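Asks: Please find one structure pasted underneath; my questions will follow.
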Amino acid sequence: MEEIRIFYPDIYKWVVELFTATGMSEEDATITTDNLLSSDLRGIYSHGLIRLPIYIKRLLLKGVNPLAKPEVVREFGATALMDGNNGMGQVVGVHAMKLAIEKARQFGTGYVSVRGSNHYGAAAHFARMALEEDMIGITTTAGSNVMAPWGGTQSLLSNNPVAVAIPADRHESLVLDMAHSVVARGKILVAAKKKQAIPETWGLAPDGSPTTDPEEALRGTLRPVGDYKGYGMALVIGLLSGILPGGSFGLEIKDIYQDFTNAQNTGHTMQAVRIDCFMDPSEFKKRVDDAIDLMHQSPKAIGFEEILVPGEPESRMEKINREQGIPYSVALLKDLTTVSTDLGVSVPTQVLASQ
């Protein structure tokens with residue numbers, strides 16, 4: 001499918017204007033745009049602008065409250081419970097991680113559990129917030145049901161991702177961001193948009209059999225990574241991110257692609273850990289560098305030219321996309337243009353020229 005590259009500054013202002021046109025404040029629109037475009041910059045297109053049309057639809061139909069203000073409803077020492085009041089997940093997530101970082105400054109660690117939120121985008125965005133403070137960032141979330149329990153066919157679980165960001169010195173920070181399905185549902189959405197077949201290890205048809213048809217996979221379920229092991233991890237994170245804070249779980253969860261008017265009540269967890277509670281941060285980061293070097297220097301298996309650590313591919317992609325522009329499919333840009341026209345927002349010249 002035809003793609004064009006659009007430079008980050010050219011598309012940033014447009015996306016902010018699209019969100020403010022739904023009633024969001026400029027501050028919250030900026031927070032949400034930062035999340036989506038940071039994903040596209042880092043090559044995580046499944047969590048970037050491809051999500052914008054559904055976010056806009058839910059905002060306009062009041063499935064998400066564009067003016068919501070997250071609030072702390074319970075607090076004890078290094079912990080807190082935050083209610084997002086049905087706000088954008090990106091906005092709620094940033095507030096929650098900021099609070100976790102504040103508590104870590106005081107107590108050495110901060111753990112914030114969240115309810116009343118929505119889909120919050122790429123988890124790594126929040127974990128990376130802790131890096132500037134010489135802290136380790138950790139986040140998990142529960143979301144729309146896309147996986148069946150291992151051996152079943154009914155979607156009863158999200159792929160419930162976890163992200164961990166660990167600072168380094170010479171090297172880029174190590175950032176693990178993984179869902180507990182083989183791939184994110186957004187990658188199958190991208191394949192469906194491009195009318196491309198998917199590997200049969202990605203998704204399962206409605207009867208539980210492997211499929212290479214992205215449309216069949218979207219009607220069925222995602223395959224858990226490690227099969228029963230991924231199912232187990234997704235279940236545990238669903239309990240911690242969903243049930244513990246009072247969020248939705250199982251059949252209570254609303255699918256954002258099917259239910260546009262009801263609150264999701266999505267749950268998240270945010271944790272920040274001060275490194276200096278355990279050792280000098282500079283020493284820790286040097287040892288992380290050594291660990292990364294050790295991984296890089298491992299003898300390579302047949303077919304591999306280099307060994308990378310989590311976060312390296314995304315960091316490299318971000319540099320390319322900042323220099324050359326972010327690649328978007330013309331089909332997606334047409335969808336965004338339609339949304340923009342409906343909202344009365346001007347479309348960037350470069351986007352119009354692609355159509």
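Asks: Taking Cα atoms of segment 64-128, Rg/Rh with Kirkwood Rh, to two decimals?
Replies: Dividing the radius of gyration by the Kirkwood radius yields 0.97.
Asks: Separate question: If you build a Gaussian network model of the chain, linking Cα atoms that sit under 10 Å apart, which residue out of GLY238, GLY226, GLY267 swings the most?
Replies: With Cα springs under 10 Å in the chain, the top fluctuation among GLY238, GLY226, GLY267 is at GLY226.
Asks: In whole angstrom, and with the biggest value first, how far do the Cα coordinates of segment 1-160 range along each principal axis?
Replies: Principal extents (largest minus smallest coordinate, Cα): 51, 44, 31 Å.
Asks: Determine, from the Cβ-Cβ distance of ARG219 and ILE307 and an R0 of 45 Å, the FRET efficiency 1/(1 + (r/R0)^6), rounded to the nearest 0.05.
Replies: 0.75
Asks: Hey, another quick one. I'd like the projected area of the chain, averaged over all directions, using the convex hull of its alpha carbons. Report it in nm² with one decimal.
Replies: Mean projected area for the chain: 17.9 nm², to one decimal.
Asks: On alpha carbon coordinates alone, what is the Rg over Rh value for segment 154-258, Rh being the Kirkwood radius?
Replies: 1.03
Asks: Counting helices only, and only those DSSP H runs with n ≥ 4, report the 222 nm mean residue ellipticity of the chain as the sum of -39,500 (n - 2.57) divided by its residues, in deg cm²/dmol to the nearest 500.
Replies: -11500 deg cm²/dmol
Asks: Only helices at least 24 Å long along their own axis, judged from Cα atoms, and with Kyte-Doolittle mean hydropathy of -0.5 or greater: name those in the chain from DSSP H.
Replies: 89-107
Asks: Just to compare against my own numbers: the Cα pair-distance distribution for segment 221-355, 10 Å bins, whole % per bin, please.
Replies: Once binned at 10 Å, the Cα pair distances of segment 221-355 give 9, 16, 24, 31, 19, 2.
Asks: Under a plain spin-label model, where a point goes 7 Å from the Cα along Cα-to-Cβ, how far apart in nm are GLU3 and PHE76?
Replies: 4.9
Asks: Cα to Cα, under 18 Å, and not fewer than 8 places away if on the same chain: which aspartates and glutamates meet these conditions relative to LYS193?
Replies: By straight Cα distance, LYS193 reaches GLU2, GLU3, ASP40, ASP213, GLU215, GLU216, ASP335.
Asks: Continuing with the same structure: Length gain on complete extension for the stretch GLU200 to THR153, per 0.36 nm per residue less the alpha carbon to alpha carbon distance?
Replies: 15.3 nm
Asks: Using a 7 Å offset from the Cα along the Cα-to-Cβ direction at both LYS286 and GLU172, what is the distance between the two label points in nm, to one decimal?
Replies: 2.5
Asks: Could you sort the peptides 177-184, 336-343 by per-residue average Cβ neighbour count (10 Å cutoff), highest mean leading?
Replies: Those peptides, ordered most packed to least, come out 177-184, 336-343.
Asks: Here's something else I'd like to know. Take peptides 2-15, 27-40, 54-67, 278-291 and line them up by average Cβ neighbours within 10 Å, highest first, as a rough protection proxy.
Replies: 27-40, 54-67, 2-15, 278-291
Asks: My understanding is that a pair violates if its Cα-Cα distance is over 26 Å; which of LYS57/LYS254; LYS62/LYS229; LYS187/LYS229; LYS187/LYS319; LYS69/LYS254 do that in this structure?
Replies: Flagged as over cut-off: LYS62/LYS229.
Asks: Over all directions, how big on average is the projection of the convex hull of the alpha-carbon atoms in segment 83-182, in square nanometres?
Replies: Result: 7.3 nm².
Asks: Extension gain ASP342-ASP255, at 0.36 nm per residue separation less the Cα-Cα distance, in nm?
Replies: Extending this stretch completely gives an extra 28.9 nm.
Asks: Applying 1/(1 + (r/R0)^6) with R0 = 30 Å to the Cβ-Cβ distance of LYS13 and ASN262, what FRET efficiency is obtained, to the nearest 0.05?
Replies: 0.40
Asks: Same structure, new question: Can you give me the relative contact order of the chain as a percent, contacts being Cα pairs under 8 Å and 6 or more apart?
Replies: After rounding, I find 23 percent.
Only the coordinates and a few stated rules stand behind these numbers; no lab work does. Given the structure is predicted, the values throughout are model-derived calculations rather than measurements. Note that each Cβ is placed from the backbone with ideal geometry, even for glycine, and that neighbours are counted across all protein chains shown.
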